[in-house]
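Undergrad: Starting off with a structure, shown below.
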Amino acid sequence: MTQAPRYGWLDGRIVDWADACLHVDTQCVLGGLNAYEVVGAFRSRAGDNLYFFRLHEHLQRLRLSAKVMRLAVPYSDEELGAAARRLVAMNGFREDAGVRIVAYFGAGPVFSYRPEEITTGVFMVAKAATAGRRPGGLHVCTSGWQRLPDIAAPPRVKAGANYHNVRLAQIQAKVDGYDDAILTSVAGNVCELPLANVFLVRSGVVVTPDVASGILEGITRQAILDLGREMGITMVERPVDRSELYAADEVFATTTLVGVTPIVSVDRYPVGPGAPGPLTVRLGKALDDAVRNPAHTRWATPVYDAGDVS
């Protein structure tokens, strides 16, 4: 079991880990009513600092999720960014870490949203990024559970309650002997994995489901699209059929803390030769270089002041 960090952040204060608690009678606990983000803080190649990757974009997406949920976030982006930075520093992380920033509904009547009816707050948890990379790739299935449609519970909203849907898919996949699952929409198009966006490669073109395909608008997904285009690779966003996964030369997943993960089989069909493909490897390296290179100033936010990292 991973050792717990020393501190959490709860409603404006750094608190001891044991005191980072919400009351059971909150809508966050009772109904999963929260909006959240997970932001990666990555050690640079030079080892001189940790850098948050696209912190601003994560906070923007938190605002969007909260807006759709009519959840009033009682802190500015500047306050949340400073709190995340302080929490990582207080916990003394020197290697890769992830910060979960959670805006939540507190005590109040069920389905209330007005500030005079219900409290809201924010908590943060910082932990070492221990999720191992799978360089050999994942064996996945297409799930019998369908992705929630936008008309029911919008997947572009990163809300705790939405993850019951994908949890069912991932657990079923593991029960059936797979590493993970790919969910499809009610129309049968490919959406995403429970915790990752999905890409495929056909004849040198990289394709990913578009933002109208019932996906979370992934920040790492967008980074891959940007990096690929800068590298001269044709990157396409469009609806994707399930059978295209079987016809693909390469398939890979992207997520915040792990980056690019090859997918080497889908529904027991091997993807290409059944090994990570060349574009998957190139894009994975480009992303890893970007998250560990503070020269990407548009994406990098330092955690420590100069000289504070040994």
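The values are calculated or read from the model by the stated rules, or taken from the named source; none is laboratory data. Every value quoted in this text rests on a predicted model; they were computed, and no experiment measured them. Note that we place each Cβ from the backbone using ideal geometry, even for glycine, and neighbour counts take in every protein chain shown.
Undergrad: Could you list all residues from the stretch 136-162 that are out of contact with any helix residue (DSSP H, G or I) (no Cβ under 9 Å at 6 or more places or on another chain) and either part of a loop (DSSP other than H, G, I, E, B) or touching a residue at least 40 places away in the same chain (Cβ under 8 Å) (or both)?
TA: Taking the stretch 136-162 first, the residues out of contact with any helix residue (DSSP H, G or I) (no Cβ under 9 Å at 6 or more places or on another chain) are 136, 138-139, 149-152, 162.
Residues satisfying the conditions are G136, L138, H139, P149, D150, I151, A152.
Undergrad: May I ask you to list the residues in the stretch 186-217 that are small (G, A, S) and either crowded, with 21+ Cβ neighbours inside 10 Å or within 14 Å of V140 (Cβ to Cβ) (or both)?
TA: Restricting attention to the stretch 186-217, the residues satisfying the condition of being small (G, A, S) are 187-188, 196, 203-204, 212-214.
If the condition is that a residue be small (G, A, S) and either crowded, with 21+ Cβ neighbours inside 10 Å or within 14 Å of V140 (Cβ to Cβ) (or both), then A196, S213, G214 are the ones that fit.
Undergrad: Run A41 past the list (1) surrounded by 22 or more Cβ atoms within 10 Å (Cβ to Cβ); (2) within 17 Å of G106 (Cα to Cα) and report the number of the one that doesn't hold.
TA: Here A41 clears every test but (2).
Undergrad: Also: For L216, indicate whether it is of a type in the set (A, V, I, L, M) and not in a loop (DSSP other than H, G, I, E, B). Please lay out each step first, then the result.
TA: Details: of a type in the set (A, V, I, L, M): yes; not in a loop (DSSP other than H, G, I, E, B): no.
No, not satisfied.
Undergrad: While we're on this one: For the stretch 158-171, enumerate the residues that are hydrophobic (A, V, I, L, M, F, W, C) and crowded, with 20+ Cβ neighbours inside 10 Å.
TA: A159, V166, A169 - these are the residues of the stretch 158-171 that are hydrophobic (A, V, I, L, M, F, W, C) and crowded, with 20+ Cβ neighbours inside 10 Å.
Undergrad: Name the residues in the stretch 172-185 that are crowded, with 18+ Cβ neighbours inside 10 Å, outside any helix (DSSP H, G or I) and among the small types (G, A, S), would you? So that I can check it myself, show each step before the final result.
TA: To start, the set of residues in the stretch 172-185 that are crowded, with 18+ Cβ neighbours inside 10 Å comprises 173, 178-185.
From what's left, outside any helix (DSSP H, G or I): 178-185.
Scanning the stretch 172-185 gives A181, S185.
Undergrad: Criterion first (within 24 Å of L59 (Cα to Cα) and not assigned by TED's automatic domain parsing to the domain that holds G98) does P302 satisfy it?
TA: Criteria met by P302.
Undergrad: Right, next: Every residue in the stretch 268-298 that is among the small types (G, A, S), under 21 Å from the mean Cα position of the chain (by Cα) and more than 22 Å from R94 (Cα to Cα), please. It would help to see each step written out before you state the result.
TA: Kept after step one, since they are among the small types (G, A, S), are these residues of the stretch 268-298: 272, 274-275, 277, 284, 286, 290, 295.
From the residues that got through so far, the ones that are under 21 Å from the mean Cα position of the chain (by Cα) too are 284, 286, 290.
Within the stretch 268-298, G284, A286 meet the criteria.
Undergrad: Something else about it: Being charged (D, E, K, R), surrounded by 14 or more Cβ atoms within 10 Å (Cβ to Cβ) and part of a helix (DSSP H, G or I): is that true of E57 here? Write out each step before concluding.
TA: Working: charged (D, E, K, R): yes; surrounded by 14 or more Cβ atoms within 10 Å (Cβ to Cβ): yes; part of a helix (DSSP H, G or I): yes.
When the stated conditions are applied, E57 passes them.
Undergrad: Evaluate the stretch 10-28: report whether one residue or more is within 19 Å of the chain's Cα centre (by Cα) and either over 18 Å from V125 (Cβ atoms) or buried (at least 18 other Cβ atoms within 10 Å of the Cβ) (or both).
TA: Looking only at the stretch 10-28, we keep the residues that are within 19 Å of the chain's Cα centre (by Cα), and these are none.
No: zero hits.
Undergrad: A further question follows. Give the residues of the stretch 92-111 that are over 22 Å from the mean Cα position of the chain (by Cα) and touching a residue at least 12 places away in the same chain (Cβ under 8 Å), sorted by residue number. Don't jump to the end; show me each part of the working.
TA: Step one: filter the stretch 92-111 for residues over 22 Å from the mean Cα position of the chain (by Cα), giving 92, 106-111.
Matches in the stretch 92-111: G92, G106, A107, G108, V110.
Undergrad: Additional query: Residue check, T130 against (1) over 19 Å from A253 (Cα atoms); (2) surrounded by fewer than 16 Cβ atoms within 10 Å (Cβ to Cβ), all met but one. Which one?
TA: So T130 meets the others, but not (1).
Undergrad: A further question on this structure: Residue check: is G47 of a type outside the set (S, T, N, Q) and within 16 Å of A300 (Cβ to Cβ)?
TA: yes
Undergrad: When you check F52 against the structure, is it buried (at least 22 other Cβ atoms within 10 Å of the Cβ), within 15 Å of the chain's Cα centre (by Cα) and in contact (Cβ under 8 Å) with a residue 24 or more places away in the chain, yes or no? I'd like the intermediate steps shown before the answer.
TA: Values: buried (at least 22 other Cβ atoms within 10 Å of the Cβ): yes; within 15 Å of the chain's Cα centre (by Cα): yes; in contact (Cβ under 8 Å) with a residue 24 or more places away in the chain: yes.
Yes.
Undergrad: Looking at A107, A103, A83, which one is in a strand (DSSP E or B) and outside the structural domain of A161 (by TED's automatic domain parsing)? Quick ask: steps written out before the conclusion?
TA: Details: A107 fails: in a strand (DSSP E or B); A83 fails: in a strand (DSSP E or B).
None of the other options fit; the residue is A103.
Undergrad: Moving on to the next point. For D11, are the conditions met, namely being over 29 Å from A223 (Cβ atoms) and modelled with pLDDT of 95 or more? Lay out the reasoning, then the answer.
TA: Details: over 29 Å from A223 (Cβ atoms): yes; modelled with pLDDT of 95 or more: yes.
Against the criterion (over 29 Å from A223 (Cβ atoms) and modelled with pLDDT of 95 or more), D11 qualifies.
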